1. What dipole magnitude, in Debye to the nearest 20, does the chain give about its Cα centre under +1 on Lys/Arg Cβ and -1 on Asp/Glu Cβ?
2. Starting from 0 in steps of 10 Å, tell me what percent of the Cα-Cα pairs of the range 53-121 lands in each bin.
3. Of Val72, Met163, Ala6, which is farthest on the positive side of the dipole of the range 2-175, counting Cα position, with +1 on Lys and Arg Cβ, -1 on Asp and Glu Cβ, and the Cα centre as origin?
4. Among Pro29, Pro56, Pro104, which one shows the highest mean-square fluctuation when the chain is modelled as a Gaussian network with alpha-carbon springs under 10 Å?
5. Ignoring ligands, DNA and RNA, what accessible area per residue does the chain give at 1.4 Å, in Å²?
6. Identify which of Leu115, Leu24, Leu94 has the largest mean-square fluctuation in a Gaussian network model of the chain, with springs joining Cα atoms closer than 10 Å.
7. If DNA, RNA and ligands are ignored and the probe is 1.4 Å, what is the ranking of Phe116, Phe173, Phe130 by accessible area, most exposed first?
8. State the percentage of accessible surface on the range 32-176 attributable to carbon and sulfur atoms; use a 1.4 Å probe and exclude ligands, DNA and RNA.
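The values are calculated or read from the model by the stated rules, or taken from the named source; none is laboratory data. Given the structure is predicted, the values throughout are model-derived calculations rather than measurements. When we count neighbours, we look across all protein chains shown, and the Cβ atoms used for this are built from the backbone with ideal geometry, even at glycine. Please note that ligands, DNA and RNA were not included when accessible areas were found on the heavy atoms of the full protein model with its side chains. Shrake-Rupley method; radii C 1.70, N 1.55, O 1.52, S 1.80 Å.
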Amino acid sequence: MIEILAISGSLRAASTNSALLAALAQNAPPVCRITVYDGLGRLPIFNPDDEGERTPPEASRLIDAVTGTDGVIVSCPEYAHGVPGGLKNALDWLVSRDAAVGKPAMLVHASPRSLFAREALAEVMRTMSFALYEEAALEIALVGKKPPEVAEILAEPANRLEMREAVSAFAGFIRG
Ligand SMILES: Cc1cc2nc3c(=O)[nH]c(=O)nc-3n(C[C@H](O)[C@H](O)[C@H](O)COP(=O)(O)O)c2cc1C
């Protein structure tokens, strides 16, 4: 079984990025198990003084989750042409450890227009030495849609197939 940790950059209850990740978990091929990370909103703001023995429990939980998974999938909105602070904060807790080094990662996209954050996030994750899978990018346009329409789009057979194929391709990348 290939274990994948999915991280949404949005804390919104009706988040389209979180909905995309939940749908990926449901449509993953049987060899993959996708677990959605739920601690983003509980992480304290990163402070290098709080590393080592002083690492806060929620940060340790994230570090352990990333260390223990075979791969990471991130779906993230764009705020003011940037990566939302919550997600950047989570990534900052991983910088001075081994958790991200060589860890296979894939970005998926719920908004076709958020290209600044997409590029910035890829640059951050490459700099952290994630092994970023960049051959294929899953993009399902959900931006601005309300939950019922989001659910409808994500249930479309063509989109379900695309999600399954994207996770399969990423699983192939993880296996090497
Ligand atoms: C404060 C704020 C700033 C935003 N700035 C941008 C932006 O610069 N570019 C963009 O494409 N969308 C921007 N958006 C729109 C969000 O990226 C978009 O609504 C996205 O779908 C939200 O993701 P979510 O549904 O997962 O919460 C912004 C939204 C908010 C709340």
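1. On the way: 16 positive and 22 negative charges, 61 e Å.
Once rounded to the nearest 20, the dipole reads 300 debye.
2. Computed distribution, short to long bins: 19, 48, 29, 5, 0.
3. Met163
4. The residue with the greatest mean-square fluctuation here is Pro56.
5. Working: 8720 Å² over 176 residues.
For the chain, the per-residue accessible area is 50 Å².
6. Evaluated over the chain, the most mobile residue of the options is Leu115.
7. Details: Phe116 115, Phe173 70, Phe130 15 Å².
Descending order: Phe116, Phe173, Phe130.
8. Numbers: 4010 of 7500 Å².
In the range 32-176, the share of accessible area belonging to carbon and sulfur is 53 percent.
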